[in-house]
1. So if R0 is 56 Å, what FRET efficiency would Val239 and Glu20 give, r being the distance between their Cβ atoms, rounded to the nearest 0.05?
2. Across the chain, where is the longest run that never hits GluC sites (Glu not before Pro) in a DSSP loop with at most 10 other C-beta atoms within 10 Å?
3. What is the extension gain from Thr37 to Ser106, computed as 0.36 nm multiplied by their sequence separation minus the C-alpha to C-alpha distance, in nm to one decimal?
4. Separation between the Leu8 and Glu158 pseudo-spin-labels, each 7 Å from Cα along Cα→Cβ, expressed in nm?
5. State the label only: which of [x] 1.12; [y] 0.99; [z] 0.95 corresponds to Rg/Rh (Cα atoms, Kirkwood Rh) computed from the shown model?
6. For the stretch 313-390, just say rounded, prolate or oblate: build the C-alpha gyration tensor, square-root its eigenvalues into a ≥ b ≥ c, call rounded for a/c under 1.5, and beyond that prolate if a/b exceeds b/c, oblate if not.
7. Which FRET efficiency value, to the nearest 0.05, do you get for Ile252 and Lys70 by plugging their Cβ-Cβ distance into 1/(1 + (r/R0)^6) with R0 = 41 Å?
8. Residue by residue through the stretch 9-16, which ³J(HN,Hα) values in whole Hz follow from phi under the Karplus form 6.51 cos²θ - 1.76 cosθ + 1.60 (θ = phi - 60°), with glycine and proline marked x?
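Just so it is clear, none of the values below were taken in a lab; they were calculated from the coordinates. Just so you know, these numbers come straight off a predicted model, no measurement behind them. Glycine also receives a Cβ, built like all others from the backbone with ideal geometry; neighbour counts cover every protein chain displayed.
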Amino acid sequence: MDDAGSVLQIRLVIDAYHKEQPGLRYCFASQKKGTWTHLCQLEELVFVSMRPQDMTVEVARETGVPCYFKFQALDVLESFVSCLSGYYRLIATWTFDLCRELPTPSLDYLRANKCHGPIGRVYAAKKLKEKGGGAIGVALLREASDKYSSYKLDVTVENAKEPVSHDIVMEGDKVLFKDKEVMYNSLGAMLKELLKGKEPSIKISRILPPSDYDDATPLLLCASRDKKTRNSNNSGPVVISMDHLTSSEIRINRGRYSDLVVAQWTTQENREVAVKRPKFSNDYQGEREFLRMLNRYCFVTCECIATILGLTLSPLSLVMEYFPLGPLDKYLQSHKTDMKEVELVEAATYLARALHYLNLENVQHLKIRCHNILVAAHTDQTFKVKLGDPGVMRPYTQQDMHWIPVEYHVQPPWALQDPTTDIWAFSTTLWQIFSFGIIPLAGADMEEVRHLYAAGRLLPRPDSCPEDLYK
């Protein structure tokens, strides 16, 4: 194990069900009865990278800096990586390979053919309805749940309550579409022919690909019972009575568009929560926008995004996780001398994962800014942040110019309709993170700034950002 440049001999154990330290733990080999150190649970792994040339494995966790392990034999190294990857697929995300250098062949095959695992008929129908919008001709390919080397093609058809399923089986290295007794060279070739309309009786307009965020709970054979219960509970936030939230006047942060109140949720063991009270104008447009945001955002379930715990109806407000360390921009400004490059990279990684999740769920945030990221934890081992809610959506102005695509700088409000706006905002927010939370070109004339962007100029590289990372 590499510890701050020193190589230490350790005993490394993978035990998903250890009572006190489930997952990955180690102790020093020189100590017969040494103290065990817990690294993480297996579902907290982010990625694993292996370098066969020097027998080294990098293990990245949700919290904490990466760990580096050096092995004496390649077969032991690959066994370790395969064990981690296999457990992760059966505990956390069935479709995700932890290690790019040692992929699972069956997963590569499924991805190449836009094929789901054995997710079952019920979830397939649900996904076609939710992601396909119930449109005629939307299809989903999945492995059969009861037979190996067999597949199901579910298609949304007209005047049918449920999708129609077609059976597909492997005949040697060929694919047989049983309903039509037609043979294809591969699953991919079959899908291409069907999309071209070569089978008039089967109308397919598009194929829904698998996603890491599919509900694969039945496939998580090694997951704990608590995790399976959480995954099956999609009820969303609850309605909370204001009588169950207590706070004091000194714990209210009054802002231009909303007030933030730190309160105790009395029916939840006085748990500290953040109550966000939007300020609406006299008309009902603000409330409608707030409810529209809530409708698309309250069911977001990502560890990199602040959780909406509930809402109150009078006054209308959000009840969310409370983060005592506050917003990221102020935290970076006040801890500038303490921050390490690896911690800034870790914060950027959390933000990237949040944006990736929202993109897969087809949810636009539209308010990705450094001040809208919250610091969840900062220790010697980790710097964890979470993306906050977007709040009530208001038209963009020139002050948003740094966070929206250049083509909308003359008419900023139009950027609200462009799905690439979040990508541009993500880039500028990364610049803010490595600039310790400051506003880009603060105090500059915005018309001059617009001309600079129009001429192809970019924000300068922050001093704390390495050259290769900036490029």
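1. Numbers: r = 38 Å, r/R0 = 0.68.
Given R0 = 56 Å and the Cβ-Cβ separation, E is 0.90.
2. Details: sites that count: Glu20, Glu158, Glu181, Glu269.
So the longest stretch without any such site is 270-471.
3. On the way: separation 69, 0.36 × 69 = 24.84 nm, distance 3.42 nm.
Fully extending the segment from Thr37 to Ser106 adds 21.4 nm.
4. 6.9
5. Among [x] 1.12; [y] 0.99; [z] 0.95, the one derived from this structure is [y].
6. Details: a/c = 2.27, a/b = 1.39, b/c = 1.63.
In terms of gyration-tensor shape, oblate.
7. Values: r = 53 Å, r/R0 = 1.29.
That pair, Ile252 with Lys70, gives E of 0.20.
8. Ordered by residue, 3J(HN,Hα) equals 7, 9, 9, 10, 10, 9, 9, 5 Hz.
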